[in-house]
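FYI, it's all coordinate maths here, none of it is from the lab. Treat the numbers as computed from the prediction; the structure is a model and nothing was measured. Positions of Cβ are generated from backbone atoms using ideal geometry, with glycine treated the same way; all protein chains shown enter the neighbour counts.
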Amino acid sequence: MTVFLQSLINGIISGSYYAVLGIGLTVTWGVLKMINVAHGDFYMLGAYLFYTFSRIAGLPVVPSIIMGVLGVFLVGMLLQRGIIAHALGREAFGNSPFIITLAIGIMLENIAQIIWGENNRGVPYFNETVFEFGGLTMAAQRLIVAAIAFATLIAVMILIKKTRFGWAISATAQDRFSATLMGINTNRIYMVTFGLAVALAAVAGCILAPIYGINPWMGGSVQLKSFVVCIVGGLGSVGGSIVAGILLGIVESFSTQFFGSGWQNVIAYSLVLVMFWVRPEGIFGKKH
Amino acid sequence: MKKKFIALIMTFCMIGCLTGCGKAAGSESSAKEQGTTGEDVIRIGVSGPTTGSSAEAGVHVNTGIQMAVDEVNTAGGIEVDGVTKKVEVIYYDTGSNAQTGLSNCEKLITSDKVDFLFCESFNSAVGIATMELARKYDIPMATLEPVSSAISDKIAEDLDTYKHFFKFGWDSGAYGETCSETVLELVEEGSLSLPNKTIAVCADETDYGRSNIESVVSHLSEAGYTVVSENYWEFGSTDLYSVITDIKNSGADMIFSCSTTPATGVALIKQLKENGLSTMPHMAIYFPFQPEFVEQIGSDAEKLLCTPMSVDTDNSESDKAFAEQIKAYNGDDITFDHMDGYSCTKVVLESFKKAASLDADKWTQAMLSEEGYDTPKGHIVFEASNHTTITGDGYVPVKAAQIQSGVNYCVWPESSKTGEFIPFE
Amino acid sequence: MLRIKNLNAYYGDVQVLYDVNVEVNDGEIVTILGSNGAGKTSLMKTICGIETRRKGVIEFNGENLINLPAHKLITRGITLTPEGRHLFPELTVRENLLLGAYAINKKINDTYEKVLEMFPRLKERLSQFAGTMSGGEQQMCAIGRALMSNPTFLMLDEPSLGLAPNIVEQVFDIIKKINKENGITVMVVEQNANIALQTADRAYALENGEIKMSGDAKDMLRSPDIQKLYLGL
């Protein structure tokens, strides 16, 4: 029973940050109607900024996270407004966000390597305590990760459903033409939404940095997992990403319990295949 | 129009950045001097990882190689076939990818026309692939750090193809021997308690990881130990939660781990601690000696048993001297990778000197000389049957150490001991 | 109120409007007739500044709109109910209506009440997702949404599209009402010439991107050319 509970708790914890990652990608799709294959690289950038602020500048953990996320938010907005928005209209790029974001991703990886070097960087755990009770083991770091992740999820839901700005984002996602007629500056919405989406990836990057370490290529596996969450939850659906993220975390956790660590990724991606077969639009996606 | 112009500028900036970055990443991709012809230089080719998960090690090996070459050149060079020649090195990056390694080596042999090739400086998996080129090309070749027994086996099975091929890395069997001998001795002494004789093993999912673990397992199985948990993680991964959960659930008495990625090592130790396993007996192969690991792990690696302890700057005068040499050369702190790169290159160049020729047969004869070569790494002699470095007392020692208050103390073999083992709680 | 002079518009290199001249005076209902492909929607998009490249003068209350970004139109008191309604399908009727007032920062409760009074059917469906309503109800909602910002100038692009004749009548009754009671100037672009000419004060005929005819709506209703081209007589 404790093994089951331990797996479940571990699964929910990892699920929470999978959800945060997935939302960023799904919002990019839903609002800007584009795939961002550099999503994982913004996760990486967030981790590096956190490292810079906490290790090099010596700021405490919380301000470092805030600065890291803010930094990525600004970089994201700049890239969207400066490069992506212009490039998508040009014939030369073939209107392909895939190519443009691929280029941005490579650029970010190389820039990271130049600035911070290819060595792995580490940051200390926010808290070294390990709790043990009733046969369950829980590291304080993991709980903090889950707490921040869930808080972020709630904040995003509130932003989208309750704020005027969140409405504007939904409207732009559903009908850009109409949104413009309502007085919504959709170019600005695109810019800010992209910034927000990659900032979410940065949140995950900051809180996971102590556990997984930092290197310029760490975005790769994160990109894949984000896609899985996005597709299973339904492209464009925030609620779907949350459910799918937690589902992925739990499935991964239990599958490693019973099948061993080697099968972890196989089972996760099988989930995608099953979803494509049974319900291609994802859990909360719309049928087209 | 203005928008088009801006987009164009952005594109060029991006492209410029990408190409510039590409060059920076493989910064040591060409140490070739322009304008030298093939005749008045001895050309050495090196293919190894300077980017990716093994980047740290690969870069350090190359530093060691270059230091040895610079030393020889400063002393005037080497006389071969009546002419004194300087030595020049060409480095290519593999990113730990076998395909890249193969194309690097082909280029080094056919286009750069090297006189000697280190077909792989670090990753066993790539070395196993690139050694196949000995079938196609008959030039002096060697693998530098790769340790996988598969390489030695291939050489032994086909000495005709591999007659000019050498493996500087000792055989993974050496790790198995060191680990099991160390542990069995400690158990006999009473300082280590493994009541159920059960072990958990885990490593990189690479030839290096697998072959080392295999030899540990086979040596300990002979002594009656059983494996209750065996896991391999993706090379470079730091997400080890599932592995550790498995180890925890297995209830093993002791862990044996192996990785060449310091970040993985750090994650392993930290995540073991997260799961309340920090006092579990643990012996680790390779990563505890990487400075990046030492730097990041702080006091969490206390009492960790580890091998190979090849650099002992606290108790070995020669190691201390070598450390100063490296520090003076480019400011690096000494690592085994520096030592290996330097020592192996020295042997290759000494052999050319001894042979007084670039002829492959003469060079091979010199390499196989029974008196061997003295290097910082140890006394290098090759086993004739498989052209692999012999390990043990008087040759290249594979020592085991324990980390105590941040310092490595050798606890095995008896003859090299510099400290007493402190029991795990 | 609105003066369009020598308006030329292009999708990329393809020209879709040729020297269009249209005038709408305060308090009028003006209709622009056109069959499929005549350029009606292009004209709407061009006035709004969406998608097309434009050259010419679009003067609204003395201001040239040609340099105004599309999303600022509503701040000048101009709203459009687009062809096909373009409601936000995943938002409720209530949310759609409230979004109509997105650009207005003042209190809108009065306007909201008035709009609901004008469209009692919407009042019944406030929590329903806009995408699930019938065509006629969606049209009502679209017009209601346009009114939420208290515009002075309302444009409608083919409001009769896909609606049953009796619903079409209701829609045009509402257009008349909006014009007479609320004093809102209206410009309707339509394929259904009959009802458009009966409702409007003046009319223009758009063909292949060019204005071919213009004049009093009732006169045009009786004109034999119009009758042949648009009324199928």
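See the values below:
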{"item": "Across B:Lys303/B:Lys377; A:Lys161/C:Lys176; A:Lys225/B:Lys167; C:Lys107/C:Lys177; A:Lys33/A:Lys162; C:Lys123/C:Lys228, pairs whose alpha-carbon gap is larger than 30 Å", "result": "A:Lys161/C:Lys176; A:Lys225/B:Lys167; C:Lys123/C:Lys228"}
{"item": "Theoretical gain in end-to-end length, C:Thr132 to C:Lys106 [0.36 nm per residue, Cα-Cα removed]", "result": "6.3 nm"}
{"item": "Averaged over C:95-104, number of beta-carbon atoms from partner chains that fall within 10 Å", "result": "4"}
{"item": "Residue-by-residue Karplus 3J(HN,Hα) for the stretch C:126-131, coefficients 6.51, -1.76, 1.60, Hz, glycine and proline x", "result": "4, 8, 7, 5, 4, x"}
{"item": "J(HN,Hα) series, the stretch C:190-207, from Karplus relation 6.51 cos²θ - 1.76 cosθ + 1.60, nearest Hz, glycine and proline x", "result": "9, 9, 7, 5, 3, 5, 5, 5, 6, 8, 7, 8, 10, 9, 10, 10, 10, 9"}
{"item": "Kyte-Doolittle mean at least -1.0, axial Cα span of 20 Å or more - DSSP H helices of chain A", "result": "A:2-32, A:61-79, A:97-116, A:140-162, A:186-212, A:219-233, A:238-259, A:264-278"}
{"item": "Peptide A:209-218 - average C-beta neighbours from other chains (10 Å radius)", "result": "5"}
{"item": "All-pairs alpha carbon distance profile, the protein assembly as shown, 20 Å steps from 0, percent", "result": "12, 34, 27, 16, 10, 1"}
{"item": "Proximal charge balance of C:Leu7 [Cβ under 9 Å; K/R count +1, D/E count -1]", "result": "+2"}
{"item": "Within the protein assembly as shown, percent of DSSP bridges classed antiparallel, to nearest 5", "result": "45 percent"}
{"item": "Residue order, fewest to most surrounding Cβ atoms within 10 angstrom, among B:His387, B:His379, B:His60", "result": "B:His379, B:His387, B:His60"}
{"item": "Dipole axis of the protein assembly as shown (+1 Lys, Arg; -1 Asp, Glu on Cβ), positive-most option in A:Ile246, A:Tyr125, C:Gly77", "result": "C:Gly77"}
{"item": "Inter-part distance where the stretch C:66-118 and the stretch B:288-330 are each reduced to a Cα centre, Å", "result": "70 Å"}
{"item": "Among beta bridges that DSSP assigns inside chain B, antiparallel share in %, nearest 5", "result": "30 percent"}
{"item": "Per-pair calculated FRET efficiency, R0 = 22 Å: A:Arg55 and A:Ala140 via Cβ, rounded to 0.05", "result": "0.65"}
{"item": "Rg(Cα) / (2.2 N^0.38 Å) computed for the stretch A:2-278, rounded to two decimals", "result": "1.00"}
{"item": "Mean ellipticity per residue at 222 nm, deg cm²/dmol - from DSSP H runs of n ≥ 4 across chain A, formula -39500 (n - 2.57)", "result": "-24000 deg cm²/dmol"}
{"item": "For A:Val37, residues with placed amide H under 5 Å, excluding near neighbours", "result": "A:Thr101, A:Leu102"}
{"item": "Positive-end residue, chain C charge dipole about Cα centroid, Cβ charges, pick of C:Gly37, C:Tyr102, C:Leu229", "result": "C:Tyr102"}
{"item": "Environment charge of C:Asn25, counting only residues whose C-beta is closer than 12 Å and scoring Lys/Arg +1, Asp/Glu -1", "result": "-2"}
{"item": "Mean ellipticity per residue at 222 nm, deg cm²/dmol - from DSSP H runs of n ≥ 4 across chain B, formula -39500 (n - 2.57)", "result": "-13000 deg cm²/dmol"}
{"item": "Net charge dipole size for chain A [Lys, Arg +1 and Asp, Glu -1 on Cβ; Debye, nearest 20]", "result": "760 debye"}
{"item": "Inter-chain Cβ neighbour average for residues A:101-112, partner chain, 10 Å", "result": "3"}
{"item": "Of A:Thr180, A:Ala155, A:Ala47, farthest towards positive along the dipole that unit charges on Lys, Arg, Asp, Glu beta carbons give the stretch A:2-278", "result": "A:Thr180"}
{"item": "Residue-averaged [θ]222 nm for chain C, counting only DSSP H segments that reach four residues, each worth -39500 (n - 2.57)", "result": "-10000 deg cm²/dmol"}
{"item": "Residues whose placed amide H lies under 5 Å from that of B:Asn231, excluding near-sequence neighbours", "result": "B:Val201, B:Cys202, B:Ala203"}
{"item": "Summed residue charge, Cβ within 12 Å of C:Val57's Cβ, Lys/Arg positive, Asp/Glu negative", "result": "0"}
{"item": "Sorted by Cβ neighbour density within 10 Å, fewest at the top, the residues C:Asp201, B:Asp171", "result": "C:Asp201, B:Asp171"}
{"item": "Listed residues B:Ala142, B:Ala400, B:Ala252, most fluctuating in chain B (Gaussian network, C-alpha, under 10 Å)", "result": "B:Ala252"}
{"item": "Rounded tilt (10° steps) of B:317-330 against the dominant C-alpha axis of chain B", "result": "50 degrees"}
{"item": "Over 35 Å [Cα-Cα, chain B], rounded percent", "result": "30 percent"}
{"item": "Neighbour-count ranking [beta-carbon atoms within 10 angstrom, fewest first] of B:Arg210, C:Arg53", "result": "C:Arg53, B:Arg210"}
{"item": "R0 of 22 Å, Cβ-Cβ distance A:Thr2-A:Ala155: FRET efficiency to nearest 0.05", "result": "0.10"}
